[in-house]
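No value in this document is a laboratory result; all are computed from the given coordinates. Because the structure is predicted, anything quoted here is derived from the model rather than measured. Cβ placement follows ideal geometry from the backbone for every residue including glycine, while neighbour counts extend to all protein chains displayed.
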Amino acid sequence: MDSLKTFEGGCHCGRVRFSVEALDAVEVERCNCSICRKAGFLHLIVPASRFHLLSGSDSLTTYTFNTGVAEHYFCKVCGVKPFYKPRSNPDGMDVNLNCLERLPEEVTIVDFDGQNWEANAAALAHKSRE
């Protein structure tokens, strides 16, 4: 079985830093919902225990919309959204693959129909399980 590796990342200005534990072969989602499409977010969803904020909590601000359940974290200085707590996986963290300094060796990007979120969200539930 493959072992978890640690990947570090952060926002553009470097004030927000985090690490995430993931396999070296990952599947990420490219969502077509209004916020993800505009931000170019590639979703690497992991259990919350595999995400660690290293620095910059004082540089984060939160944005919510629609149901207000998802918590989108942005750097107050540069505006980049490196991660968020997703409504589909409230027990996990969703990291923007584009914010990692080093990518996993194998990345498979799958399209996710977030415009029809209610009908498709259950397909993501397994991603935040240990």
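Worth a mention:
- In the chain, helical runs assigned H by DSSP with n ≥ 4 each contribute -39500 (n - 2.57); averaged across all residues and rounded to the nearest 500, the mean residue ellipticity at 222 nm is -1500 deg cm²/dmol.
- Radius ratio Rg over Rh of the chain, counting only Cα atoms, Kirkwood formula for Rh: 0.93
- Protection proxy ranking, highest mean first, for peptides 100-112, 26-38: 26-38, 100-112, where packing is the per-residue count of other beta-carbon atoms within 10 Å, averaged.
- Gap separating the Cα centres of the stretch 94-125 and the stretch 1-37, nearest whole Å: 9 Å
- Lysine pair count for the chain (Cα-Cα distance under 19 Å; residues 8 or more apart in sequence or on different chains): 6.
- Packing, taken as the mean count of other beta carbons within 10 Å per residue, orders the peptides 114-120, 7-13 from highest to lowest as 7-13, 114-120.
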